[in-house]
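Visitor: Handing you a structure now.
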Amino acid sequence: MDQEPPFGETYKTLLHNSSLGEPKDENPLIVEECDLPLIDLSQLNAERDKCIKQITQAAREWGFFQVVNHGISQKVLKILKDEQTKVFHLPFQKKIEDNFLNLSANSYRWGNSKATFLRHVPWSEALHLSLADISRMDECKSTLRSTIEAFVAVAASLAQSLAEILSQILGIKSTYFQENCPPNTSYLRLNRYPPCPFPSKAFGLMPHTDSSFLTILYQDHVGGLQLLKDGKWFRVKPNPQALVINIGDLFQALSNDVFKSIKHRVVSSEEVERFSVAYFYCPSSDAVIQSCCSTKRLLPAVYKHFSFREYQQQVRKDVEATGDKVGLSRFLL
Ligand SMILES: O=C(O)CCC(=O)C(=O)O
Ligand SMILES: [Fe+2]
C-alpha cells in the first residue's frame, strides 16, 4: 500500500542478517498480563488524601498507572483517533514532503536510519510535535489541529496536577512545575504501528524510558504496550476509558530515584495496525534538574545536576552513535 513506509525494502539487509549478533532481549519469553493500578481521579474531590496516596504509591512501585475520569472526553479521543488515522493513511510520499502539514522538518518519523540491528528499528511511524508547532499546523487539517488542541489543553493541566501531587512527598515547592514547564515546552507524539510481518524480530517501539517528567498515553483497543517490572515483561491491557501515566527520566532524577522511569516497549500485531498518542510533560531547555534530598530522606544525591538541554543532547548523541538511548545512567554521580 502506498501509505506504508518502505520498511521491508529499507531494512532488507538487516532482516537478512537478523539472526547474526542481534542484541539480546531482556527476558524475551516471559510476558504476562498485568493489571496496572487504576485510579479514579474524580476521587481527588471526595477523598483527596486517599487518592493522592494511591497515585504516589503507584509511581513508586510501578512507575506506571492508569487514570479514569481524567477530563478528556471520549468524543475528543475518538475524533483524535479518526483524524490520526486519516493523516497516517496519506501516501508515504506525501508524509515525507518538506513542510508536511506545515510542521517543522523531521516532525514525521519512521524506522531508524541509524540502526545497525533490526532490534533497533522501530516498526512504526510517528508525528513528533513540539507544542509550539501545533498552532502552525496546516489549516486544511483544521479538525486534526483543533482536536489536538482540545487534547493538549486537558493533558497539560492533568500533567501539571499529577506532577504537583507527586512532588508533595518530595518536599519540592509547589510552584516548581509552573516555573519550569511553561506552556509549549512539552511534546506530543502521534504513533502508528503498521501490521508487522516479524513481530518477534522487530519491535513496534524498542524498549526505552521516556525523557519527560511524566507521560500521558492514550492507546487504542489493539494492545501491544509492555512494561518491564522486576525483570519480567508485562502486557498492559488496553482500557478505552483510561489514560496510561508513566514516570519519565526527569522525575526519576528529580525524586532521587523515589519514582521510577520504567522501560517499556511496543510489540506490534501481525494483522492489525495500532494507534497511540503520547503527551510528554517536559520543562524548558534551560531548566536544571537537581535531585531532591528531602528532609525525610537525607540520602545523598544519585545524579549530577543537568539541564534538560544537556539531557536531550546526550540522548541524541547516544542514539546517533549506537541506535539506542543510554539515559539517566550517563548522569550518575
Ligand atoms: O504506543 C505506545 O503504547 C507507547 C508509546 C511510547 O512509549 C512513546 O511514544 O514513548
Ligand atoms: Fe515511551
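Visitor: Can you put ASP249, ASP318, ASP98 in order, fewest other beta carbons within 10 Å first?
Guide: ASP98, ASP318, ASP249
Visitor: OK, next. HN-Hα J couplings of the range 212-219 from phi, Karplus 6.51/-1.76/1.60, θ = phi - 60°, integer Hz, Gly and Pro as x?
Guide: 7, 5, 8, 10, 10, 10, 10, 10
Visitor: Simple spin-label model, 7 Å along Cα-to-Cβ: LYS12 to LYS201 in nm?
Guide: 1.4
Visitor: Using Cβ contacts closer than 10 Å as the measure, can you line up SER135, SER211 from fewest to most?
Guide: Lowest to highest Cβ neighbour count: SER135, SER211.
Visitor: Here is a further query. Jot down the radius of gyration and Dmax of the chain, Cα atoms only, both in angstrom.
Guide: Considering the chain through its Cα atoms, Rg and Dmax are 19.5, 59 Å.
Visitor: Further question: Ranking request for peptides 183-190, 267-274: highest mean number of other beta-carbon atoms within 10 Å first, then the rest in descending order.
Guide: Taking the mean over residues of other Cβ atoms within 10 Å, the ranking is 183-190, 267-274.
Visitor: Compute the FRET efficiency between ASN106 and GLU149 as 1/(1 + (r/R0)^6), taking r as their Cβ-Cβ distance and R0 = 25 Å, and round to the nearest 0.05.
Guide: 0.70
Visitor: Mind checking the alpha-carbon convex hull of the range 191-333 and giving the volume per residue in Å³?
Guide: Dividing the Cα hull volume of the range 191-333 by its residues yields 131 Å³.
Visitor: Beyond a 32 Å Cα-Cα separation, which of these cross-linked pairs lie in this structure: LYS53/LYS201; LYS173/LYS229; LYS75/LYS232?
Guide: Over 32 Å apart, Cα to Cα: LYS53/LYS201; LYS75/LYS232.
Visitor: Mind sorting LEU36, LEU299 by how few other Cβ atoms lie within 10 Å of their own Cβ, fewest first?
Guide: With the fewest neighbours first, LEU36, LEU299 line up as LEU299, LEU36.
Visitor: Would you mind computing the Rg to Rh ratio of the range 38-96 from its alpha-carbon coordinates, Kirkwood style for Rh?
Guide: 1.25
Visitor: A further question on this structure: Just to confirm the number: angle between the C-alpha axis of helix 142-168 and the first principal axis of the chain, 0 to 90 degrees, nearest 10?
Guide: 30
Visitor: While we're looking at this one, here's another question. Rounded to two decimals, what is Rg over Rh for the range 124-175 when you use alpha-carbon atoms and the Kirkwood radius?
Guide: Numbers: Rg = 15.2 Å, Rh = 13.2 Å.
Result for the range 124-175 is an Rg/Rh of 1.16.
Visitor: Could you list the square roots of 5 times each eigenvalue of the Cα gyration tensor of the range 63-138, that is, the equivalent ellipsoid semi-axes, sorted largest first and rounded to whole Å?
Guide: 25, 20, 13
Visitor: Moving on. If I fit a long axis through the Cα atoms of helix 48-61 and take the longest principal axis of the Cα atoms of the chain, what angle between them do I get, 0 to 90°, rounded to 10?
Guide: The answer is roughly 60 degrees.
Visitor: Over all pairs of distinct alpha carbons, what does the Kirkwood formula give as the hydrodynamic radius of the range 129-230, in Å? All intermediate terms of the calculation are to be shown ahead of the outcome.
Guide: Working: mean 1/r = 0.0609 Å⁻¹.
Kirkwood hydrodynamic radius for the range 129-230: 16.4 Å.
Visitor: Apply the Karplus parameterisation 6.51 cos²θ - 1.76 cosθ + 1.60, with θ equal to phi minus 60°, to every residue of the range 253-263 and state each ³J(HN,Hα) to the nearest whole Hz, in sequence, with x for glycine and proline.
Guide: With the stated coefficients, the range 253-263 comes to 5, 4, 7, 6, 6, 5, 9, 10, 8, 8, 5 Hz.
Every read-out reported here was derived from the displayed coordinates using simple, explicitly stated rules and does not represent laboratory data. Owing to the predicted nature of the structure, the values given are computational and were not obtained by experimental measurement. Every residue, glycine as well, gets a Cβ built from its backbone with ideal geometry; the counts of neighbours run over all protein chains shown.
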